[in-house]
Amino acid sequence: MSNIPITKVLSMAECGHDEYWLRDRIYEDPSIIGLGDLQAVMKERVQSQGGRLDLLLKDPADDSMYEVELQLGATDESHIIRTIEYWDNEKRRWPNRSHTAVLVAEEITNRFFNVVHLLSLAVPIIGIQASIKQVGDVRALDFTKVIDSYDEPEDGGSSQQAYDEKHWVDNYPGALACARWYGDLLAQSYGEIQTKYFEYYISFTVGGIARIWVHKRKNDRRALVEVKYVEENIAEAIDHLNKEGIAFSTRSNKYLNFDVSLQQLKEKQVVHEWIVQRLSPQHIVKSKP
């Protein structure tokens with residue numbers, strides 16, 4: 001056991017590397033940051049309001065975009081703000097694509113965690129810690145994802161406080177109306193649906209699996225509806241939604257996201273019925289009249 005080498009963590013600077021070196025390593029092989037088989041789109045992308053986005057990456061499976069900001073040392077306010085600002089710029093440039101802000105730094109501080117908590121689901125943001133680790137005479141570049149604001153919501157666990165419908169009636173009646181509408185739509189195909197209320201979202205279970213989440217938005221006249229789709233059928237769903245002209249985004253090649261009002265849901269009811277009936281067809285208990 002005494003022969004097992006001890007890993008030593010080194011800073012980029014003491015290894016003679018700078019931010020441009022880190023940028024180029026990721027640009028050459030975006031998969032090294034651990035977010036899947038991403039493709040490099042551009043580095044040092046000029047922003048309309050000034051500044052340059054370090055890296056713009058893309059997931060070829062669904063054309064989702066990743067706006068990546070790099071920082072040596074510990075995260076600070078300017079880089080956190082810049083990450084969110086550049087994400088917003090690219091989201092406005094490509095409004096029909098899913099966008100995720102990514103901050104890669106040598107140290108992810110508590111302030112970054114606090115910002116992500118405050119933003120809740122308004123901004124999908126990921127924090128990745130980059131380091132150089134040395135084992136013996138060998139040095140290796142290592143990336144660890146330490147926070148992801150868009151991790152799949154969990155529907156249980158002792159740390160989750162239980163809420164009820166009254167919490168939503170009192171605080172988010174607009175989002176609740178959207179959730180009720182989607183719950184009724186699910187019930188038309190699957191009968192009784194298990195519904196769970198949490199502080200900021202409501203979940204619906206189909207066939208024993210949580211399939212739909214309705215999240216509150218800052219503007220209570222709207223809600224974010226997230227649908228966990230069958231991964232192998234996601235291409236069919238994307239093609240259908242594009243043909244129907246419905247606004248949506250995707251995440252991780254298995255989630256469909258709709259930022260909608262109750263009126264928009266009603267206007268596109270046929271489309272959402274199409275989606276619902278393909279979530280778990282083996283569990284459909286009655287057909288629409």
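Count of segment 76-97 residues, restricted to those that are touching an Asp or Glu at 6+ places or on another chain (Cβ under 7 Å) and either surrounded by fewer than 14 Cβ atoms within 10 Å (Cβ to Cβ) or in a loop (DSSP other than H, G, I, E, B) (or both), is 1. Within the group GLU232, GLU236, GLU273, which residue is modelled with pLDDT under 80, outside the structural domain of ASN96 (by TED's automatic domain parsing), among the charged types (D, E, K, R) and in a helix (DSSP H, G or I)? Testing whether each residue is modelled with pLDDT under 80, outside the structural domain of ASN96 (by TED's automatic domain parsing), among the charged types (D, E, K, R) and in a helix (DSSP H, G or I) leaves just GLU232. Just to be sure before I move on: is GLY73 out of contact with any Pro (no Cβ under 8 Å at 6 or more places or on another chain), in a loop (DSSP other than H, G, I, E, B) and on the phi > 0 side of the Ramachandran plot in the structure I sent? Judged against the criteria, GLY73 is not a match.
In segment 1-26, the residues that are among the hydrophobic types (A, V, I, L, M, F, W, C) form Cβ pairs under 8 Å with partners that are in a loop (DSSP other than H, G, I, E, B) and surrounded by 13 or more Cβ atoms within 10 Å (Cβ to Cβ), at six or more places apart or across chains, as follows: TRP21/MET12; LEU22/MET12. With respect to ASN114, is the statement that it is surrounded by fewer than 16 Cβ atoms within 10 Å (Cβ to Cβ), outside any helix (DSSP H, G or I) and of a type outside the set (Lys, Arg) true? It is false that ASN114 is surrounded by fewer than 16 Cβ atoms within 10 Å (Cβ to Cβ), outside any helix (DSSP H, G or I) and of a type outside the set (Lys, Arg).
Taking the conditions exactly as written (closer than 13 Å to LEU103 by Cα, touching a Ser or Thr at 6+ places or on another chain (Cβ under 7 Å) and either part of a loop (DSSP other than H, G, I, E, B) or of a type outside the set (Gly, Ala, Ser) (or both)), does TYR66 satisfy them or not? So TYR66 passes the test. Screening ARG180, ARG211 for residues that are among the basic types (Lys, Arg), surrounded by 16 or more Cβ atoms within 10 Å (Cβ to Cβ) and modelled with pLDDT of 90 or more leaves exactly one candidate, ARG180. Among the residues making up segment 176-218, those that are without any contact (Cβ under 8 Å) to a residue 12 or more places away in the chain and either among the basic types (Lys, Arg) or under 21 Å from PHE248 (Cβ atoms) (or both) are ARG180, ASP184.
The condition (being surrounded by 14 or more Cβ atoms within 10 Å (Cβ to Cβ), closer than 13 Å to LEU185 by Cβ and of a type in the set (D, E, K, R)) is satisfied by just one residue among LYS268, LYS254: LYS268.
The values are calculated or read from the model by the stated rules, or taken from the named source; none is laboratory data. These numbers come from a predicted model, not from an experiment. Cβ atoms come from the backbone with ideal geometry, glycine included; neighbour counts cover every protein chain shown.
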